[in-house]
Amino acid sequence: MTRIRNYTHPAKSNQRYNQKVEIFLLGIIGIKRMAKTNTLQRYLVVIFAIAGLGIMTYLTYIHYANRQSFCDISENVSCDVVTTSIYSEIFGVPMSVLGAGYFLLVLALMFWKRGSKIYQTIFLVTLFALLPSLYLSALELFVIESLCILCETSKLLMIAILIASYYGARSQEKITMRLIAPIFIAGLIAIAVTYFAQTGNAVKTDYSDFVGCLNEKGVVYYKSFRCNSCKRQEKLLGDAYTKLNSVECHPEGPNGNPELCLLKRISKTPTFLIEESGREMKRLEGLQPLKDLADFAGCEFQE
């Protein structure tokens, strides 16, 4: 009995071969497209992070250099008002320094970390950092009542990084609610810590008696409503600073008297003068610790 072997028609064989080749080519094309997509997202994340780092570096510079920022447009749109408020620091560290640290971390991850979870890591880090940042935006609108354009631009860049990293991660690793939930909770905890740390920095001592002594000694405080150092000086005195004899040197400031400031040769603010019979006896320029201000006026000072 002769066994009949299975016979495959050459046309069918070629068809199967072509299907395999087509699947292989589609796989190669898909990998290339994925690589191109990830390359685009990598460039976008790096560009956004560099821009954010530049903004945070500038805000840190004006914080420590006591310089007026270019975005000090008005009382309601002013980077200076925001960056000199009690909400501009946490544990004595400017928020801009923390922002610069975030953008540096993103850049470090993009340049030195390789692997399939790179975008997932950046997405989760950004989500954690973004929550306290949005809390600070709410403070600008409802508490400080002044908007920092540069601060809000940096948050838009963070959102852009969040979106780019999400799409980058989606092609490699799935981002699930199981991953997001603990990061979201950690972000809420960070908001609570930030709130208590910042409100704890507010001046609780009443310096009314000290300010009263300064007034009795004839101290006059020459200031500008757009002066960073003036805002810090007032923050040291707390609410009592409103009782201090003062002169506004900026022509656009409340009750501005730039003519008197020119007459008194005020070249920088804050400046403290003590005069007798219209003659200048003492002058103190720049941001002053309260102890130095007390020594200048001859007042007693207790912390």
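Just need a number here: residues in the range 100-114 that are in a loop (DSSP other than H, G, I, E, B) and either surrounded by 14 or more Cβ atoms within 10 Å (Cβ to Cβ) or out of contact with any Ser or Thr (no Cβ under 9 Å at 6 or more places or on another chain) (or both). Talk me through it step by step, then tell me what you get.
Just the residues of the range 100-114 that are in a loop (DSSP other than H, G, I, E, B), to begin with: 113-114.
Those still in the list that are either surrounded by 14 or more Cβ atoms within 10 Å (Cβ to Cβ) or out of contact with any Ser or Thr (no Cβ under 9 Å at 6 or more places or on another chain) (or both) too: 114.
Looking only at that region, the number is 1.
Going by what's in this entry, would ARG67 be described as at pLDDT below 90, over 26 Å from VAL193 (Cα atoms), in the same structural domain as LYS174 (by TED's automatic domain parsing) and not in a helix (DSSP H, G or I)?
Values: at pLDDT below 90: yes; over 26 Å from VAL193 (Cα atoms): yes; in the same structural domain as LYS174 (by TED's automatic domain parsing): yes; not in a helix (DSSP H, G or I): yes.
Against the criterion (at pLDDT below 90, over 26 Å from VAL193 (Cα atoms), in the same structural domain as LYS174 (by TED's automatic domain parsing) and not in a helix (DSSP H, G or I)), ARG67 qualifies.
Going through VAL97, VAL125, VAL81 one at a time, which residue ends up being over 30 Å from ALA169 (Cα atoms) and not in a loop (DSSP other than H, G, I, E, B)?
On the way: VAL97 fails: over 30 Å from ALA169 (Cα atoms); VAL125 fails: over 30 Å from ALA169 (Cα atoms).
Sole residue among the options that is over 30 Å from ALA169 (Cα atoms) and not in a loop (DSSP other than H, G, I, E, B): VAL81.
Among the residues of the range 161-181, how many are surrounded by fewer than 13 Cβ atoms within 10 Å (Cβ to Cβ), part of a loop (DSSP other than H, G, I, E, B) and of a type outside the set (Ser, Thr, Tyr)?
Step one: filter the range 161-181 for residues surrounded by fewer than 13 Cβ atoms within 10 Å (Cβ to Cβ), giving 174, 176-178, 181.
This time we only want the ones that are part of a loop (DSSP other than H, G, I, E, B), so: 174, 176.
Adding the requirement that they be of a type outside the set (Ser, Thr, Tyr) leaves 174.
Count: 1.
More than 22 Å from ARG67 (Cα to Cα) and touching a residue at least 24 places away in the same chain (Cβ under 8 Å): which single residue out of LYS243, LYS231 fits that description? Please lay out each step first, then the result.
Numbers: LYS231 fails: more than 22 Å from ARG67 (Cα to Cα).
Testing whether each residue is more than 22 Å from ARG67 (Cα to Cα) and touching a residue at least 24 places away in the same chain (Cβ under 8 Å) leaves just LYS243.
For the range 269-280, does any single residue satisfy the condition of being exposed (fewer than 14 other Cβ atoms within 10 Å of the Cβ) and closer than 26 Å to TYR61 by Cα?
In the first step, residues of the range 269-280 are kept if they are exposed (fewer than 14 other Cβ atoms within 10 Å of the Cβ); the result is 276-280.
Checking which are closer than 26 Å to TYR61 by Cα leaves us with none.
No, the range 269-280 has no match at all.
Mind checking which residues of the range 125-175 are among the charged types (D, E, K, R) and either over 17 Å from the mean Cα position of the chain (by Cα) or outside the structural domain of MET95 (by TED's automatic domain parsing) (or both)?
ARG170, GLU173, LYS174
From the set of residues in the range 49-93 that are of a type outside the set (Val, Ile, Thr) and under 27 Å from SER165 (Cα atoms), which is nearest to the chain's Cα centre (by Cα)?
Looking at the filtered set, the residue picked out is MET56.
Just wondering, is there one or more residues in the range 255-266 that are on the phi < 0 side of the Ramachandran plot and at pLDDT below 90? Walk me through how you get there before you give the answer.
Filtering the range 255-266 down to residues on the phi < 0 side of the Ramachandran plot leaves 256-264, 266.
Remaining after also requiring at pLDDT below 90: none.
The answer is no, given that none of the residues of the range 255-266 is on the phi < 0 side of the Ramachandran plot and at pLDDT below 90.
Any idea which residue in the range 115-127 is nearest to ILE191 (Cα to Cα), counting only those that are crowded, with 18+ Cβ neighbours inside 10 Å and in contact (Cβ under 8 Å) with a residue 40 or more places away in the chain?
Among those residues, the one meeting the criterion is LEU127.
Would you check which residues across the range 141-151 are part of a helix (DSSP H, G or I) and surrounded by fewer than 18 Cβ atoms within 10 Å (Cβ to Cβ) and list them? Working first, answer last.
The initial filter retains those residues of the range 141-151 that are part of a helix (DSSP H, G or I), namely 141-144, 149-151.
LEU141, PHE142, VAL143, ILE149 - these are the residues of the range 141-151 that are part of a helix (DSSP H, G or I) and surrounded by fewer than 18 Cβ atoms within 10 Å (Cβ to Cβ).
The values are calculated or read from the model by the stated rules, or taken from the named source; none is laboratory data. Just so you know, these numbers come straight off a predicted model, no measurement behind them. Cβ coordinates were reconstructed from backbone atoms using ideal geometry, including for glycine residues, and neighbour counts include every protein chain displayed.
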